[in-house]
């Protein structure tokens, strides 16, 4: 198992109060959640993850169980990233109308994750529709099962299969064209 799949490593939270449990979860999952947000297209991955932990802290008593915290964090990161991308699309659409298109500036997280040998793949993944990109990242980066992906994305397991299949087909076509 690599550190990239650390989100799936169970953390023993028995006997810990909310503050201690969130601190343990932060230590165990922060880096992989930041990477998840970057791969999903967040340009402010650290902020997305910080917001996810804040929401976990606020809603701690409403969790099914402490063991559900890691899945909850993944779901919040996916949803926050999706919302921020939508917001940026609206902002850019309005900026394009006034001919003031903001230039994309790569964050430190993006530069750390994107190595030269991975750039072609990451570009191809970035070009996918959002749902396909999310499904592929959750499946192959975090090595989640279809049911876990369905929970994180708020869709059915069958839809996960469709998004993964279509995403893989599109990636294959794109990467073959580059060769």
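The values are calculated or read from the model by the stated rules, or taken from the named source; none is laboratory data. Predicted, not measured: the structure shown is a model, and the values here were computed from it. As a convention, Cβ positions derive from the backbone with ideal geometry for all residues, glycine included, and neighbour counts pool all protein chains shown.
Of everything in segment 147-165 that is farther than 20 Å from residue 81 by Cβ and in a helix (DSSP H, G or I), the residue that is nearest to the chain's Cα centre (by Cα) is 147.
Taking the stated definitions as given, is residue 157 surrounded by 18 or more Cβ atoms within 10 Å (Cβ to Cβ) and modelled with pLDDT of 85 or more?
Values: surrounded by 18 or more Cβ atoms within 10 Å (Cβ to Cβ): no; modelled with pLDDT of 85 or more: yes.
Judged against the criteria, residue 157 is not a match.
When you scan segment 68-80, do you find a residue that is outside any loop (DSSP other than H, G, I, E, B), over 21 Å from residue 41 (Cβ atoms), at pLDDT 85 or above and out of contact with any helix residue (DSSP H, G or I) (no Cβ under 9 Å at 6 or more places or on another chain), even just one? Yes.
Six or more apart or on different chains, Cβ atoms under 7 Å: show the pairs whose first residue is in segment 38-60 and outside the structural domain of residue 133 (by TED's automatic domain parsing) and whose second is surrounded by 18 or more Cβ atoms within 10 Å (Cβ to Cβ) and part of a loop (DSSP other than H, G, I, E, B). Final answer for the pair search is 48/42. Considering 107, 126, the condition of being at pLDDT below 90, within 28 Å of residue 53 (Cα to Cα) and not assigned by TED's automatic domain parsing to the domain that holds residue 24 is satisfied by 126 alone.
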